[in-house]
Amino acid sequence: MAQSHIPRQIFFVDVMLGKLARWLRILGYDTAYERNMTDGAIVDQVLNEQRWLLTRDRYLVQRKAVRGRYTLIRSDFVIDQLGQLRTELQIRLAIDEKTLSRCVACNHILENIPPSQAGPRVPPFVAKHYTHFTGCPNCGQLYWAGTHWSHLQQRLKLLSQASTNQVPDQ
Ligand SMILES: [Zn+2]
């Protein structure tokens, strides 16, 4: 892989990799992802925002402008995709207090929301049992640490084990 000073943990994810984009946001990585963009617009955003391009598009990466600032994703499966990124870009496959900081829907940084404000906007069961809420100031999505996150955590553990088996660390 080409040596480069481009940060490799701020991403632009191409349209074929929506699931991977969501996982990277869950893991706390700044991840741009748009559904309708021309190749030219993708290259512009990658360059302007100094992002590392993750793509499955062999034609896109033939463009000179993205040379030395992309990873060509090999697998169709998100488990293997994350495994590849862990091996090649050293991304962390763990959920902890440093992660869960980013809106999964739109990539914006989340803010803490007091329970008094979150309460009326969530199902009554959630309002009653949860005290820690975060919200997205951009799209309004609310998040709370609950069964959803522990479910994710479990999947990540499986994912991590699976990719350890398939993609040995260097
Ligand atoms: Zn959002």
Cα-only radius of gyration and Dmax that characterise the chain, units Å: 17.4, 55
Net length gained if the chain between LEU72 and HIS132 were fully extended (0.36 nm per residue, minus Cα distance): 17.8 nm
Cβ-derived FRET efficiency at R0 22 Å, LYS19 paired with GLN45, nearest 0.05: 0.60
Nearest-0.05 FRET efficiency for LYS64 and HIS151, computed from C-beta distance (R0 30 Å): 0.10
Spacing of the two label points (7 Å from each Cα toward its C-beta) at LEU89 and LEU142, in nm: 3.3
At R0 = 22 Å, FRET efficiency that the Cβ-Cβ distance of SER160 and ILE10 yields, to 0.05: 0.50
Listed residues THR55, ALA41, PRO123: farthest to the positive end of the dipole of segment 1-156 (Cβ charges): THR55
Cut-off 14 Å between beta-carbons: net charge of the residues surrounding TRP144, Lys and Arg +1, Asp and Glu -1: +1
Charge dipole magnitude, Cβ of K and R +1, D and E -1 - segment 11-89, Cα centre, debye nearest 20: 140
Radius 12 Å from Cβ of VAL104, net charge of other residues (Lys, Arg +1; Asp, Glu -1): +4
Orientation-averaged projected area, Cα convex hull of segment 11-89 (nm²): 4.7
Dipole magnitude of the chain, debye to nearest 20 (Cβ charges: Lys/Arg +1, Asp/Glu -1, about Cα centre): 140
Net charge, TYR29 excluded, C-beta distance under 10 Å - Lys, Arg +1, Asp, Glu -1: +2
Those trypsin sites (Lys or Arg not before Pro) in segment 73-159 that DSSP places in a loop and that have at most 13 other beta carbons within 10 Å: ARG74, LYS98
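We did not get these values from a lab; they are worked out from the coordinates using the rules stated. Please read these numbers as outputs of a predicted model, since none were measured by experiment. Positions of Cβ are backbone-derived with ideal geometry, glycine not excepted, and every protein chain shown enters the neighbour counts.
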